[in-house]
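Read the structure below first, then the notes.
The values are calculated or read from the model by the stated rules, or taken from the named source; none is laboratory data. Source: prediction; values computed, not measured. For neighbour counting, all protein chains shown are included, and Cβ atoms are generated from backbone atoms with ideal geometry for every residue, glycine included.
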Amino acid sequence: MTHACTGNGKNPVGNVSGAHVRYLAVFTLLLWPAVSAADFQNGSFEQSYSVTPYPDSVPQYWRLENTDRTIFGSQVTYAWKTEGSRSAGLFSRFGRSFTAGNYQSLYQMVDLTGMAGIAFDVRLAAYGSTTYTTFDNFEASLLVDDVPLWTQDVDGTYLNQQVDVSNMSGLHRVELCIRARVTGQFNVANWVQWDNLRLVKTPDETIVEAVVDVDPNTLNLNSGGAWITCYIELPAGYDVNDIDGQTVTLEGVNAHMGEQGWASPQANEGNTMDHDGDSVRERMVKFDRSAVQAVLKPGVATVAVKGKLLNQTIPTSLRGTDLIKVIGRVGNQK
């Protein structure tokens, strides 16, 4: 299968001599880890080694792949960076002729297990014989297993870019590429500079901010009422039918099951409703009033409601607060 960044499927080392291939292979053996850790090796491109016969450099732990090093170059450079002191540059050589699809890339095998994304900073720029000019005729791309997940061909700086790898696990080939979009001879050097490449872990837990309404709004500590009722509304994208009622707490007090099944794990017609008339349904749970009153004091109180959601890919919890007024105390009504 033709490599996604190659375009024409040429020999990856092009016109490089056999001696040079052996030289590069020695460095590959010395610098390439047997199994990449759960992050990039040298993702800030601070360490490098030289590549001959051209005065180029390659970041350690990265492999260089290209169609022809007479038309492309690489440089671990101080000229631009966002993290540390250097970045990894891939560039087209000034005044050379290109065929659409010619490319150069750096790649590394990375364990993406438990990762949500790959984040990075990148800059696309070009230089004429003496002055800065506009990046053109080339494109930058980040690929995973030969599939482009991010591509850009417009001059500029792109910070905190991120691609989704949440459906991947195990070792995968992550590749940074510059590729000619058109055929021609270009009297500028087009540069793609990469920096701060890192993995974004899948969160251990997602927290959903819920809207909660605690009833009554004014709680009299001398009252003989039996229940405190709470209505929980979730933001768009979440379903109140997924609220696990038996995990819901109010100020640490567990929801009361009752004969009606208020705190049942599953929702039912008796514990879901549109209480506030906004066309969005809420999950209703009730709490033993005396148990809640035992942890409250007179005054204005911000009470916290917490719980968990069922049927989520990532463990998901809800939280929300409501402001209520607490009055009175046993033996001394206020």
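Which number in (1) in contact (Cβ under 8 Å) with a residue 40 or more places away in the chain; (2) within 34 Å of the chain's Cα centre (by Cα) marks the one condition that Ser279 misses?
So the condition that Ser279 fails would be (1).
Which of the residues that make up the stretch 46-65 are touching a Lys or Arg at 6+ places or on another chain (Cβ under 9 Å) and either of a type in the set (Lys, Arg) or more than 22 Å from Glu83 (Cα to Cα) (or both)?
Within the stretch 46-65, Val51, Pro53, Tyr54 meet the criteria.
State yes or no: is Pro265 exposed (fewer than 15 other Cβ atoms within 10 Å of the Cβ), more than 30 Å from Met115 (Cβ to Cβ), of a type outside the set (A, V, I, L, M, F, W, C) and touching a strand residue (DSSP E or B) at 6+ places or on another chain (Cβ under 9 Å)?
Details: exposed (fewer than 15 other Cβ atoms within 10 Å of the Cβ): yes; more than 30 Å from Met115 (Cβ to Cβ): yes; of a type outside the set (A, V, I, L, M, F, W, C): yes; touching a strand residue (DSSP E or B) at 6+ places or on another chain (Cβ under 9 Å): yes.
For Pro265, the condition - exposed (fewer than 15 other Cβ atoms within 10 Å of the Cβ), more than 30 Å from Met115 (Cβ to Cβ), of a type outside the set (A, V, I, L, M, F, W, C) and touching a strand residue (DSSP E or B) at 6+ places or on another chain (Cβ under 9 Å) - is met.
Just one of the numbered conditions (1) of a type in the set (Asp, Glu); (2) more than 29 Å from the chain's Cα centre (by Cα); (3) in a loop (DSSP other than H, G, I, E, B) is not true of Asp213; which one?
Evaluating Asp213 over (1) of a type in the set (Asp, Glu); (2) more than 29 Å from the chain's Cα centre (by Cα); (3) in a loop (DSSP other than H, G, I, E, B) leaves (3) as the failure.
Tell me which residues, restricted to the stretch 238-265, are part of a loop (DSSP other than H, G, I, E, B) and either within 20 Å of Thr321 (Cα to Cα) or in contact (Cβ under 8 Å) with a residue 40 or more places away in the chain (or both).
Matches in the stretch 238-265: Tyr238, Asp239, Glu251, Gly252, Ala255, His256, Trp262, Ala263, Pro265.
Kindly indicate whether Val292 is within 16 Å of Leu221 (Cα to Cα), surrounded by 12 or more Cβ atoms within 10 Å (Cβ to Cβ) and out of contact with any Lys or Arg (no Cβ under 9 Å at 6 or more places or on another chain).
For Val292, the condition - within 16 Å of Leu221 (Cα to Cα), surrounded by 12 or more Cβ atoms within 10 Å (Cβ to Cβ) and out of contact with any Lys or Arg (no Cβ under 9 Å at 6 or more places or on another chain) - is met.
Does the stretch 37-46 include one or more residues that are over 30 Å from Ile314 (Cβ atoms) and either at pLDDT 95 or above or not acidic (Asp, Glu) (or both)?
From the stretch 37-46, those over 30 Å from Ile314 (Cβ atoms) are 45-46; that's our starting set.
Filter once more, keeping what is either at pLDDT 95 or above or not acidic (Asp, Glu) (or both): 45-46.
Among the residues of the stretch 37-46, at least one is over 30 Å from Ile314 (Cβ atoms) and either at pLDDT 95 or above or not acidic (Asp, Glu) (or both), which makes the answer yes.
So, in the stretch 271-288, of the ones that are of a type outside the set (S, T, N, Q) and touching a helix residue (DSSP H, G or I) at 6+ places or on another chain (Cβ under 7 Å), which residue ends up farthest from Gln246 (Cα to Cα)?
Looking at the filtered set, the residue picked out is Arg281.
Residue-wise test of (1) at pLDDT below 95; (2) closer than 20 Å to Cys5 by Cβ; (3) of a type outside the set (A, V, I, L, M, F, W, C); (4) under 27 Å from the mean Cα position of the chain (by Cα).
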| site | (1), (2), (3), (4) |
| --- | --- |
| Leu106 | no, yes, no, yes |
| Thr113 | yes, no, yes, yes |
| Val122 | no, yes, no, yes |
| Gly128 | yes, no, yes, no |
| Phe138 | no, yes, no, yes |
| Thr151 | no, yes, yes, yes |
| Val154 | no, yes, no, yes |
| Gln161 | no, yes, yes, yes |
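Give the number of residues within the stretch 277-294 that are hydrophobic (A, V, I, L, M, F, W, C), in contact with a strand residue (DSSP E or B) (Cβ under 7 Å, 6 or more places away or on another chain) and either assigned to a strand (DSSP E or B) or more than 15 Å from Ala263 (Cβ to Cβ) (or both).
Residues of the stretch 277-294 that are hydrophobic (A, V, I, L, M, F, W, C), as a first pass: 280, 284-285, 287, 291-292, 294.
Filter once more, so that each one left must be in contact with a strand residue (DSSP E or B) (Cβ under 7 Å, 6 or more places away or on another chain): 280, 284-285, 287, 291-292.
So of that shortlist, the ones also either assigned to a strand (DSSP E or B) or more than 15 Å from Ala263 (Cβ to Cβ) (or both) come out as 280, 284-285, 287.
Number satisfying all stated conditions: 4.
Going by the structure shown, is Lys297 within 17 Å of Ile228 (Cβ to Cβ), modelled with pLDDT under 90, assigned by TED's automatic domain parsing to the domain that holds Asn222 and not aromatic (Phe, Trp, Tyr)?
yes
Restricting to the stretch 299-327, count the residues that are aliphatic (A, V, I, L, M) and farther than 16 Å from Arg283 by Cα. It would help to see each step written out before you state the result.
First pass over the stretch 299-327, keeping only residues aliphatic (A, V, I, L, M): 300-301, 303-305, 309-310, 314, 318, 323-324, 326-327.
Adding the requirement that they be farther than 16 Å from Arg283 by Cα leaves 300-301, 303, 314, 323-324, 326-327.
Total satisfying the criteria: 8.
With the structure loaded, tell me whether Ile228 is under 19 Å from Gln312 (Cβ atoms), of a type outside the set (S, T, N, Q) and either part of a strand (DSSP E or B) or not assigned by TED's automatic domain parsing to the domain that holds Asn167 (or both) or whether it fails that test.
It is false that Ile228 is under 19 Å from Gln312 (Cβ atoms), of a type outside the set (S, T, N, Q) and either part of a strand (DSSP E or B) or not assigned by TED's automatic domain parsing to the domain that holds Asn167 (or both).
Any idea which residue in the stretch 113-147 is farthest from Val192 (Cα to Cα), counting only those that are touching a residue at least 40 places away in the same chain (Cβ under 8 Å) and in contact with a Leu (Cβ under 7 Å, 6 or more places away or on another chain)?
Of everything passing the filter in the stretch 113-147, Met115 is farthest from Val192 (Cα to Cα).
Among (1) free of Cβ contacts under 8 Å to residues at least 12 places away in the same chain; (2) among the β-branched types (Val, Ile, Thr); (3) surrounded by 15 or more Cβ atoms within 10 Å (Cβ to Cβ), which single condition is Thr313 missing?
(3)
For the stretch 173-191, indicate whether the set of residues that are modelled with pLDDT under 95, touching a strand residue (DSSP E or B) at 6+ places or on another chain (Cβ under 6 Å) and assigned to a loop (DSSP other than H, G, I, E, B) is non-empty.
Among the residues of the stretch 173-191, at least one is modelled with pLDDT under 95, touching a strand residue (DSSP E or B) at 6+ places or on another chain (Cβ under 6 Å) and assigned to a loop (DSSP other than H, G, I, E, B), which makes the answer yes.
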